[in-house]
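Okay, so here's the structure we're looking at.
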Amino acid sequence: MFDTHCHLNFSSFKKNLAEVIRKAEADGVSCMVVPGTDFKTSQKAVEIAKQFKNVYAAVGIHPHHVYEIDEKGLDIEAELKRLEELLMEDKVVAVGEVGMDKHYYEKTRYDNYQVNDNFIKLQKQLLMRQMKMAVENKKSLILHNRQAIEEFLEVVGDSWDQVLTQRTVFHCAEPDKRLLEFVLEHDIYIGIDGDVTYDQKKQEFVKTIPLGHLVLETDAPFLLPEPLRSKKMYPNAPANLTIILNDISRLKGVDRKELDRITTENGNNLFQINPIPPGTKIHINN
Ligand SMILES: [Zn+2]
Ligand SMILES: [Zn+2]
């Protein structure tokens, strides 16, 4: 299995990171990608990737944390420059997570936080710039969208470049037909999380996603799948990817081993990890 989105860089895993990774590997997770959400967590993701063989990093400023630029009066160019330097480090496979987010977060580190026009404008600007960064550096792209679908698709469509084909994921995609249409049209991926175990709309949505466009993710420490969610067994961890795989296997009526093979291959292709060179003859046993 491939956990294409887990925040091992967050404080929930500070004390037992090695144990969390060991448990995931023991439960069949062979690869993990850790996305950054601001400069600090991006730096941490790179550090962790260098430390653990099966872990890779992504660096980026999450739309919610774009707020920091405004609040602290940071220089956008300087922020992007130091992010781009991180992008050059070993085992950094993608720019992410970046995107648009109009959700109002109750818990946030920002004082006087508001989702207003100015903030949305800044989010758009940062999304465009970070997409450009992925294109120019030939990296993959992890896109986040929450309650901002029109603006999100507009900016992503406008900033689209052919090199992002097959190398982009709509992570934790909202169950919306417009997102799926974009995915099929541009030949990219959709990431499905543990909420598929209890959210009926997600369950119907996942049935409509062709296997060739599907990747799995836990979004750990968030989005704990059922039955762990009812038992409040936080934090979520990459080892719980098994639960997500099993549920999707049941929902789509696809053998779990086959679903594992396909989604892992999709993850490898998305992040260009051990890609199979074109023209290679693949021998399939059985
Ligand atoms: Zn996200
Ligand atoms: Zn995330």
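In the range 173-252, with Lys and Arg counted as +1 and Asp and Glu as -1 at Cβ, which of these residues, Gln203, Leu228, Ile192, has the Cα nearest the positive end of the dipole, that is, farthest along it?
Projecting each Cα onto the dipole axis, the largest value belongs to Leu228.
Helix 241-252 against the longest principal axis of the chain: what's the angle in degrees, Cα atoms only, rounded to the nearest 10?
Value to nearest ten degrees: 70.
About its Cα centre, how strong a charge dipole does the range 166-286 have in debye, to the nearest 20, once Lys and Arg get +1 and Asp and Glu get -1 at the Cβ?
280
Within the accessible area of the range 165-258, what % is carbon and sulfur when the probe is 1.4 Å and the other protein chains stay in place?
Looking at the range 165-258 in its full context, I get 51 percent from C and S.
Mind checking the per residue accessible area of the range 1-103 for me, 1.4 Å probe, whole number of Å²?
In whole numbers, the range 1-103 has 41 Å² accessible per residue.
Can you list residues whose amide H is under 5 Å from Gly36's amide H, if they're 5+ apart or on another chain and H is modeled 1.01 Å from N?
Ala58, Val59, Gly60, Gly96, Glu97
How large is the Kirkwood hydrodynamic radius of the range 97-228, in angstrom, based on all distinct alpha carbon pairs?
Taking the inverse mean of 1/r over all distinct Cα pairs, the range 97-228 comes out at 15.7 Å.
Can you tell me the orientation of helix 117-136 relative to the chain, as the angle in degrees between its alpha-carbon axis and the longest Cα principal axis, to the nearest 10?
Result, in degrees: 60.
Based on alpha-carbon atoms only, what is the radius of gyration of the range 110-161 relative to the globular estimate 2.2 N^0.38 Å?
1.23
If one computes the Cα centroid of the range 78-92 and of the range 203-267, what distance in Å separates the two points?
For the range 78-92 versus the range 203-267, the Cα centre distance is 30 Å.
Charges only on Cβ, +1 for Lys and Arg, -1 for Asp and Glu: so what's the dipole of the chain about the Cα centre, in debye to the nearest 20?
900
Could you give the radius of gyration (one decimal) and Dmax (whole number) of the Cα atoms in the range 58-167, in Å?
13.6, 40
Tell me, what ³J(HN,Hα) does each residue in the range 157-165 have, in order and in whole Hz, if you take phi through Karplus 6.51 cos²θ - 1.76 cosθ + 1.60 with θ = phi - 60° and put x for Gly and Pro?
Along the range 157-165, the couplings run x, 5, 8, 5, 9, 3, 5, 7, 4 Hz.
Within the P(r) computed for the chain, what percentage of the Cα pairs occupies the region above 33 Å?
16
Taking amide H atoms as placed 1.01 Å from N in the peptide plane, list the residues 5 or more away in sequence, or in a different chain, whose amide H sits under 5 Å from that of Leu141.
Answer set, sorted by chain and number: Val95, Thr168, Val169.
Which order do peptides 172-180, 60-68, 41-49, 104-112 fall in by mean Cβ count within 10 Å, highest first?
In descending order of packing, they fall as 60-68, 41-49, 172-180, 104-112.
The values are calculated or read from the model by the stated rules, or taken from the named source; none is laboratory data. For clarity, every value in this text was computed on a predicted model and none was experimentally measured. Every residue, glycine among them, receives a Cβ derived from its backbone with ideal geometry; neighbour counts consider all protein chains shown. Note: accessible area is taken over every heavy atom of the protein model, side chains too, but ligands, DNA and RNA are not part of it. Shrake-Rupley method; radii C 1.70, N 1.55, O 1.52, S 1.80 Å.
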